[in-house]
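In what follows, a single structure is set out as structure tokens and then discussed.
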């Protein structure tokens, strides 16, 4: 099965990034790697799109960025969820669940009585 | 707080360069990916290619990031600016709360200066700048015709005849051209007749201007059929005034000039006309025979219509002029008796005032008023500069402290400028609030609604520009000065130490104000003098005991013959009134209009190459000269019976110009040029100023006809005419079935109103100059007071050393006097130039008018004395002990 592109659903990429950062600050490569490994390679994000989304989130103030050192001692830019980002993430998760539920009703309608 | 450029603050989080930032980030990402792939056993070159592939469009991602950061840092910069400005404004307002007198003084002074300009600009805008209230006004041109042989004296921008107009409609470069002509009408409302201003218009008038009807329809092509009930379109204002906005008005029949006409519609409210006068009704040109009693529209020689045209896209007025003249040339060959040598001129339509014709005096007068209010602005600005300068000095220590604590000079200057700007904007708001009342004042004064003096975006723009320009003028220099010099001086300096350089600046400013207000005062004085000269002029006819009764409309008169009978009958009825010693009739009363002009031909007289043979004439009834009290030098005039249009009386100026010492009586001349109508000269009347008091008598003639040429009865009374006015009004107005009596005035009233515009101009300029003068006096007072206060210590020393109080008094008086003498001398020199520019508007006033100059100097001396007296007295009361102890 070919990898799923998260761009299919509007705002999904933002949701994935925010959720990833909810576990703690990470640099860009770590975010991409996390998403890929966690979904067992099902979700593959083009790096350019990931960074564009990340930078927009930073501009909106949902994540903040700071230079630091990676595990291997290299200089890397770390992103961290802000308070606003946390709130956004919670409301987006709720919206996502509603969305999935309603889509589910359509594609798997309850058997007629 | 001292700060560097604000991006540097931002750079604390983003290092100095977002481009390098993003490159580093992406490079790290790629190297991590490559490392991971290599760790999985992929060869390096393959790993690198794969990492790049998975990254995707790196360049775009990088650009997006840079754009984001740039935009963010711009936002940050702007908000920093807004914050500092906000700080400055708050600081300024806090400061003003402590110095309320200063703040109010500055605002009022600025408001006076700005207000004078805003008022003049609003009027100017309404008259000249605002485009006509029609669709696409920028495409409109006006077309004029004139006599090519009449290069001087004749009307260069004359009207056209209706037949000529019909031919000019063929001009290919014009999308459309419309004609209009004035027609005074009387509309019956119940039992009364309402006088209304009408326009006969070509059937395409509304279509050409793109004006729609708010109710019913405008005048259209179908109205050009000459028979049937004529259509009439009301203007919105007339509909509101006379018909109470009756929504059912369209289709209603009304009586107009004794005829039945049908109201077909009401024009849209925005359409207030294309002339600076109120128009009430529009009628199709084809109705002229019915509502005007005569038909002008077939006479190629009757040039009574004005033309307005719409250009085809991309065409210039010059091109239209060429096209029109090729048509006019052909007409000249076809109809030589009326159209020989006629030429067409085409000009942009411009604003409400047609500057080519009626606008003659409007432009220079507007410029004069604008110049005068500009001077007031300058005087106000100088005053403000003085005030701000003085405040800057008194805050010298505060400023020095701020500078020594590390504030950049630019920052402090900006702070001081902000303070001035806050006050100036306050003044602007005051002015705009005041100017918003102009329409109310205008309608109270009876200014036509076509003259829209409501505050427009243009006025607001103008006032804002003036405000900012003035603020820069009066605030920049003082702010710069206040922050100059060494910080330590400022800190060490005590308030009582005079600084000579700054004292000189104050003196120069006060002197400038005096010079400027003297220029204005002299201008005002010359205008007043000119008005006096006009009032003193001997008009050459007997103004006392004379009544002019104007009639309009020919209600009930079917033909010219009947109209004539009615005129004669009215004349007889007026003659029969008690207290009346003589009656005549004329087209218009003296001093109420230019009348008509005609080109004359005199057998045996060869005009010079540039000489105009176009002179004014009037049709008047029997005994015209006798009733006006103008003596006949030679010959006679028609009196009693005798009723022809073939006899003329000329004035002495005309006799002298064309016949010299020979006797013109009995000779025949022709009207309407060579081959025109022959008439016989039967008399020569003394010269009289019948057109305007300011205009020396020029050659003119009167065609005599017993029934007169129109609608003004001239009634010579035995006693005071005022007592007879009600009788005339009653006996001739209410019981006369033929005419609608418009108004009855005494000749004295007419003379008064003919001087109205001269009075208004002289009054306006006097008012403005007094405004400037009072500002200048305040300025002088402030400066002398300030200088005196600075010298208190010196005075104390002088007193202690034995000077007496009179010496100090004279010392201060002299310091004010020196400023005034220098400023006054410069002002008088400048006023010669201003007087020269004014000459065109003056009647019989010399370039240097000695009485005016003497009066202005006397006024100035009194004013200077008043301004310096207070400070001088204060100086003479100086107590030596206290002043010396004060420090």
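The values are calculated or read from the model by the stated rules, or taken from the named source; none is laboratory data. Values in this document were obtained by computation on a predicted structure and should not be read as measured data. FYI the Cβ positions are ideal-geometry reconstructions off the backbone, even for glycines, and counts take in every protein chain you see.
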Checklist entry - Out of all the residues in the stretch A:84-100, which are out of contact with any helix residue (DSSP H, G or I) (no Cβ under 9 Å at 6 or more places or on another chain) and surrounded by 13 or more Cβ atoms within 10 Å (Cβ to Cβ)? => result A:99
Next on the checklist: I'm trying to understand the selection: among the residues of the stretch B:50-62, which are surrounded by 14 or more Cβ atoms within 10 Å (Cβ to Cβ) and either more than 10 Å from every other protein chain (Cβ to nearest Cβ) or under 11 Å from residue A:48 (Cα atoms) (or both)?
Outcome noted: B:50, B:52, B:54, B:55, B:56, B:57, B:58, B:61, B:62
Item to check | Residue match in the stretch A:102-109 (condition: without any contact (Cβ under 8 Å) to a residue 40 or more places away in the chain and within 13 Å of chain B (Cβ to nearest Cβ)) | outcome: no
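What are the residues in the stretch B:245-262 that are assigned to a strand (DSSP E or B) and closer than 19 Å to residue B:197 by Cβ, if any? Even if it seems obvious, please write down each step before you answer.
Taking the stretch B:245-262 first, the residues assigned to a strand (DSSP E or B) are B:253-256, B:259-262.
Hits for the stretch B:245-262 are B:254, B:255, B:256, B:259, B:261.
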Item to check | Index of the failed condition, residue B:874 passing every other in (1) modelled with pLDDT of 85 or more; (2) over 30 Å from residue B:696 (Cβ atoms) | outcome: (1)
Next on the checklist: Take the conditions at pLDDT below 90, within 14 Å of another protein chain (Cβ to nearest Cβ) and closer than 22 Å to residue B:68 by Cβ and apply them to residue A:44. Does it pass?
Outcome noted: no
Checklist entry - Mind checking which residues of the stretch B:412-452 are modelled with pLDDT under 80 and either in contact with a helix residue (DSSP H, G or I) (Cβ under 7 Å, 6 or more places away or on another chain) or over 21 Å from residue B:117 (Cβ atoms) (or both)? => result B:443, B:444, B:446, B:448, B:449, B:450, B:451, B:452
Item to check | Of residues in the stretch A:64-83 being touching a helix residue (DSSP H, G or I) at 6+ places or on another chain (Cβ under 8 Å) and farther than 20 Å from residue B:23 by Cβ, the one nearest to the other protein chains (Cβ to nearest Cβ) | outcome: A:64
Next on the checklist: Going by what's in this entry, would residue B:124 be described as at pLDDT 85 or above and either more than 12 Å from chain A (Cβ to nearest Cβ) or loosely packed, with under 13 Cβ neighbours inside 10 Å (or both)?
Outcome noted: no
Item to check | Residue satisfying condition, being assigned to a strand (DSSP E or B) and within 30 Å of residue B:336 (Cα to Cα), within set B:306, B:300 | outcome: B:306
Checklist entry - Given the residues B:812, B:797, B:783, which is the only one that is out of contact with any strand residue (DSSP E or B) (no Cβ under 7 Å at 6 or more places or on another chain), surrounded by fewer than 16 Cβ atoms within 10 Å (Cβ to Cβ), in contact (Cβ under 8 Å) with a residue 60 or more places away in the chain and part of a helix (DSSP H, G or I)? => result B:797
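In the stretch B:66-74, is there at least one residue being in a helix (DSSP H, G or I), over 18 Å from residue B:411 (Cα atoms), within 47 Å of the chain's Cα centre (by Cα) and within 14 Å of chain A (Cβ to nearest Cβ)? Write out each step before concluding.
Just the residues of the stretch B:66-74 that are in a helix (DSSP H, G or I), to begin with: B:66-74.
Now narrow it down to the ones that are over 18 Å from residue B:411 (Cα atoms): B:66-74.
Restricting the remaining residues to those that are within 47 Å of the chain's Cα centre (by Cα) gives B:74.
Checking the rest, the ones that are also within 14 Å of chain A (Cβ to nearest Cβ) come to B:74.
For the stretch B:66-74, residues in a helix (DSSP H, G or I), over 18 Å from residue B:411 (Cα atoms), within 47 Å of the chain's Cα centre (by Cα) and within 14 Å of chain A (Cβ to nearest Cβ): present.
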Checklist outcome for this item: The residue from B:863, B:832, B:848, B:881 that alone is over 30 Å from residue B:693 (Cβ atoms) and surrounded by fewer than 17 Cβ atoms within 10 Å (Cβ to Cβ) is B:881
Checklist entry - Just one of B:352, B:377 is under 26 Å from the mean Cα position of the chain (by Cα), outside any loop (DSSP other than H, G, I, E, B) and modelled with pLDDT of 75 or more; which is it? => result B:377
Checklist entry - Can you tell me which residues in the stretch A:1-41 are modelled with pLDDT under 85, away from chain B (no Cβ under 14 Å) and assigned to a helix (DSSP H, G or I)? => result A:8, A:12
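I need the strands (runs of 3 or more DSSP E) fully contained in the stretch B:169-244, keeping only those with at least 3 residues that are touching a residue at least 12 places away in the same chain (Cβ under 8 Å), touching a helix residue (DSSP H, G or I) at 6+ places or on another chain (Cβ under 7 Å) and within 14 Å of residue B:284 (Cα to Cα). Working first, answer last.
Numbers: elements: B:174-189, B:192-201, B:213-216, B:231-234.
By residue number, B:174-189.
Can you name every residue in the stretch B:414-445 that is under 20 Å from residue B:130 (Cα atoms) and part of a loop (DSSP other than H, G, I, E, B)? Can you show your working first?
The initial filter retains those residues of the stretch B:414-445 that are under 20 Å from residue B:130 (Cα atoms), namely B:432, B:435-443.
Result: B:436, B:437.
Any residue that is facing another protein chain (nearest Cβ under 9 Å), more than 24 Å from residue A:36 (Cβ to Cβ) and surrounded by 14 or more Cβ atoms within 10 Å (Cβ to Cβ) - is there at least one of those in the stretch B:30-38?
The first filter runs over the stretch B:30-38 and keeps only residues facing another protein chain (nearest Cβ under 9 Å), leaving B:30-33, B:35-36.
Now drop any that are not more than 24 Å from residue A:36 (Cβ to Cβ), which leaves none.
No, the stretch B:30-38 contains no residue that is facing another protein chain (nearest Cβ under 9 Å), more than 24 Å from residue A:36 (Cβ to Cβ) and surrounded by 14 or more Cβ atoms within 10 Å (Cβ to Cβ).
Would you call residue B:345 assigned to a helix (DSSP H, G or I), over 23 Å from the mean Cα position of the chain (by Cα) and surrounded by fewer than 20 Cβ atoms within 10 Å (Cβ to Cβ)? Spell out the reasoning first.
On the way: assigned to a helix (DSSP H, G or I): no; over 23 Å from the mean Cα position of the chain (by Cα): yes; surrounded by fewer than 20 Cβ atoms within 10 Å (Cβ to Cβ): yes.
Taking the combined requirement at face value, the residue does not satisfy it.
Looking at residue B:47, is it in a helix (DSSP H, G or I), away from every other protein chain (no Cβ under 13 Å), at pLDDT 90 or above and touching a helix residue (DSSP H, G or I) at 6+ places or on another chain (Cβ under 6 Å)?
Working: in a helix (DSSP H, G or I): yes; away from every other protein chain (no Cβ under 13 Å): yes; at pLDDT 90 or above: yes; touching a helix residue (DSSP H, G or I) at 6+ places or on another chain (Cβ under 6 Å): yes.
Answer is yes for this residue.
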Checklist entry - Can you name every residue in the stretch A:37-61 that is crowded, with 19+ Cβ neighbours inside 10 Å and in contact with a strand residue (DSSP E or B) (Cβ under 9 Å, 6 or more places away or on another chain)? => result A:54, A:55, A:57, A:58
Checklist entry - Consider residue B:695 against the criteria (1) modelled with pLDDT under 80; (2) within 28 Å of residue B:759 (Cα to Cα); (3) touching a helix residue (DSSP H, G or I) at 6+ places or on another chain (Cβ under 8 Å): it satisfies all of them except one. Which criterion is unmet? => result (3)
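Here's the yes/no breakdown for (1) surrounded by 13 or more Cβ atoms within 10 Å (Cβ to Cβ); (2) at pLDDT 85 or above:
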{"position": "B:604", "(1), (2)": "no, no"}
{"position": "B:609", "(1), (2)": "no, no"}
{"position": "B:612", "(1), (2)": "yes, no"}
{"position": "B:615", "(1), (2)": "yes, no"}
{"position": "B:620", "(1), (2)": "yes, yes"}
{"position": "B:628", "(1), (2)": "yes, yes"}
{"position": "B:633", "(1), (2)": "yes, yes"}
{"position": "B:640", "(1), (2)": "no, no"}
Checklist outcome for this item: Expected single match for under 16 Å from residue A:16 (Cα atoms), at the interface with another protein chain (Cβ under 8 Å from one of its Cβ atoms), in a helix (DSSP H, G or I) and at pLDDT 90 or above among A:55, A:86 is A:55
